[in-house]
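Q: Please see the structure below; I have some questions.
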Amino acid sequence: MTFRDDGAAALEWAAAYLERVRELPVLARVAPGEIRDALPVAAPETGEPFAAVLRDLDDVLLPGLTHWQSPRYFAYFATTATEPGILAELLAATLNQVGILWRTSPALQELEEVTLAWLADLLGLPAGLHGHLEDTASTGLVTALAAARAAAPGRRVVVCSGQTHSSTAKAARLLELELRTTPVDASYALRPDQLDLDGACALVATVGTTSSAAVDPVAELADRCEDEGVWLHVDAAYAGSAAVCPELRHHFAGWERADSIGVNPHKWLVTPMDCSAFLTRRPEALREAFSLVPEYLRVDEDVVSLSEYSVPLGRRFRALKLWAVLRCYGRDGLQALIREHVRLAGLFEGWVRDEPGWEVCAQRHFSLVCFRRDGTDEANEALLERVNASGEAFLSHTRLDDRYVLRLAIGSARTTEDDVRAVWDVLRREASG
């Protein structure tokens, strides 16, 4: 078989998978070690045809996949790889660029700069921000906190709320910074009146917390950070994409004043994993923290390479897939997608609120609904296990006010109202069973 023949077969497999993914059990149904045990213990002595790879993808690997592409994936925050991004990933792998310096791939760097400027504009952010792509928001947190630490020598405290994503605690640990948590209010947002910035180099505020999509009061926090010379990072990994819709931008008031912002297009902007945008109005602080150019990388061009703004030296052509998605969807298409997900979440929230024996457990700002069935934590946990074991949907949980709470997050480009109705039917069926 030739590359063209194998490529056609792979593309057909991909297209067929997307067509049938709704019918597959959403959560993987294998025991730990089952996939490993089904694979040879060593690589083959002689090469095999690519057709064998596709065969084992179906027969061995597919049962061990949790289908993040499923329209009935409602756990955590969905990540959708849409067709423009999938095809762009193929092209990026074909070109196999390694952006260690501007000269090693001028197109990689300049397309990334332009695409991040497009993204900032779509999100209603001011022109002129530096932007680059990281793999995940977790890496972005390390980038932000390392820059904050370098910009404020002697300050070793990172402030956040108890609802802040665990990546902040991990970044603080890696950078040997002290973590100080601040209480939250009844809506699970950070309380500015309880804020202690003494000795702090950074404050991490969140728009759309992981547990409940709570919104910290960024504008008020920006005032405090400006007064006390503290780096403000806004983690909007999930919810940031919603800022493409003007009617949702009030949730982001003040984020343009942040020193840095993280938004994941691979979460709610239908771009394949991994693609996390990092935006900052203080690029010089990032260069102070990260720029290290050895002799063998010195060049004559008067240009700063993206490798001087973050941890990795090499970077792949991530911008190609985001660029493709932004071009093929356009502002109108992205807004329509976000609005439909918010509408579907509101529909589901209404069903829960109107059904006796169920309750909504947190204010809904975006496309996440936190809810539970009347009864004990153990009963709600068992309900979630039954729903997920059915294969008909996949949801996750959290704890709010020390209660076990179910989460339904809508974020798949393939999710329809029928899919949301189906998961509600499964929930009620399993709750009454």
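The values are calculated or read from the model by the stated rules, or taken from the named source; none is laboratory data. Everything numeric in this text was worked out from a predicted model, so none of it was measured. Every residue, glycine as well, gets a Cβ built from its backbone with ideal geometry; the counts of neighbours run over all protein chains shown. Side chains included, ligands, DNA and RNA excluded: accessible areas come from the protein's heavy atoms. Shrake-Rupley method; radii C 1.70, N 1.55, O 1.52, S 1.80 Å.
Q: Scan the range 209-229 for residues that are in contact (Cβ under 8 Å) with a residue 60 or more places away in the chain, part of a loop (DSSP other than H, G, I, E, B) and open to solvent by 10 Å² or more (accessible area, probe 1.4 Å) and report the count.
A: Narrowing the range 209-229 to residues in contact (Cβ under 8 Å) with a residue 60 or more places away in the chain: 210-215, 229.
Cutting the leftovers down to part of a loop (DSSP other than H, G, I, E, B) gives us 210-214, 229.
Then drop every residue that is not open to solvent by 10 Å² or more (accessible area, probe 1.4 Å), which leaves 210-211, 229.
Selection size over the range 209-229: 3.
Q: Might you let me know whether the range 326-334 holds any residue that is touching a helix residue (DSSP H, G or I) at 6+ places or on another chain (Cβ under 7 Å) and open to solvent by 30 Å² or more (accessible area, probe 1.4 Å)? Don't jump to the end; show me each part of the working.
A: The first filter runs over the range 326-334 and keeps only residues touching a helix residue (DSSP H, G or I) at 6+ places or on another chain (Cβ under 7 Å), leaving 326, 328, 331, 334.
With the extra rule that they be open to solvent by 30 Å² or more (accessible area, probe 1.4 Å), the set shrinks to 328, 331.
Scanning the range 326-334, I find at least one residue that is touching a helix residue (DSSP H, G or I) at 6+ places or on another chain (Cβ under 7 Å) and open to solvent by 30 Å² or more (accessible area, probe 1.4 Å), so the answer is yes.
Q: Which of the residues that make up the range 152-166 are in contact with a Gly (Cβ under 9 Å, 6 or more places away or on another chain) and more than 24 Å from ASP185 (Cβ to Cβ)?
A: To start, the set of residues in the range 152-166 that are in contact with a Gly (Cβ under 9 Å, 6 or more places away or on another chain) comprises 152, 154-157.
Across the range 152-166, the qualifying residues are ALA152, GLY154, ARG155, ARG156.
Q: Return the residue satisfying two criteria in turn: it lies in the range 147-177 and is in a loop (DSSP other than H, G, I, E, B) and in contact (Cβ under 8 Å) with a residue 40 or more places away in the chain, and of such residues it is most open to solvent (accessible area, probe 1.4 Å). Step through it out loud before you land on a result.
A: From the range 147-177, those in a loop (DSSP other than H, G, I, E, B) are 152-156, 162-165, 175-177; that's our starting set.
With the extra rule that they be in contact (Cβ under 8 Å) with a residue 40 or more places away in the chain, the set shrinks to 152, 155-156, 163-165.
Numbers: ALA152: 12, ARG155: 78, ARG156: 97, GLN163: 36, THR164: 19, HIS165: 71 Å².
Per the criteria, the residue is ARG156.
Q: Same structure, new question: Suppose we filter the range 233-281 for residues that are over 18 Å from the mean Cα position of the chain (by Cα) and closer than 16 Å to TYR76 by Cβ; how many remain?
A: Residues in the range 233-281 being over 18 Å from the mean Cα position of the chain (by Cα) and closer than 16 Å to TYR76 by Cβ: 0 in total.
Q: Something else about it: Residues of the range 250-293 being in contact with a Cys (Cβ under 8 Å, 6 or more places away or on another chain) and among the polar types (S, T, N, Q), which ones?
A: Correct list: ASN264 only.
Q: Oh, and also: Among the strands (runs of 3 or more DSSP E) lying completely within the range 362-433, list those that include at least 2 residues that are among the aliphatic types (A, V, I, L, M) and either open to solvent by less than 10 Å² (accessible area, probe 1.4 Å) or farther than 22 Å from ASP216 by Cα (or both). Walk me through how you get there before you give the answer.
A: On the way: elements: 368-373, 396-400, 403-409.
Passing ranges, in order: 368-373, 403-409.
Q: Out of everything in the range 115-146 that is open to solvent by 10 Å² or more (accessible area, probe 1.4 Å), in a helix (DSSP H, G or I) and not hydrophobic (A, V, I, L, M, F, W, C), what residue ends up being nearest to GLY240 (Cα to Cα)?
A: Ranking the qualifying residues of the range 115-146, first place goes to ASP121.
Q: If you go through the range 296-322, how many residues are surrounded by fewer than 14 Cβ atoms within 10 Å (Cβ to Cβ) and among the aliphatic types (A, V, I, L, M)? It would help to see each step written out before you state the result.
A: Just the residues of the range 296-322 that are surrounded by fewer than 14 Cβ atoms within 10 Å (Cβ to Cβ), to begin with: 296, 298-303, 311, 314.
Okay, now just the ones that are also among the aliphatic types (A, V, I, L, M), so 299, 303, 311.
Total meeting the criteria: 3.
Q: For the structure I just gave you, tell me whether CYS201 is farther than 21 Å from ASN264 by Cα and either open to solvent by less than 50 Å² (accessible area, probe 1.4 Å) or under 24 Å from the mean Cα position of the chain (by Cα) (or both).
A: Details: farther than 21 Å from ASN264 by Cα: yes; either open to solvent by less than 50 Å² (accessible area, probe 1.4 Å) or under 24 Å from the mean Cα position of the chain (by Cα) (or both): yes.
In short, yes.
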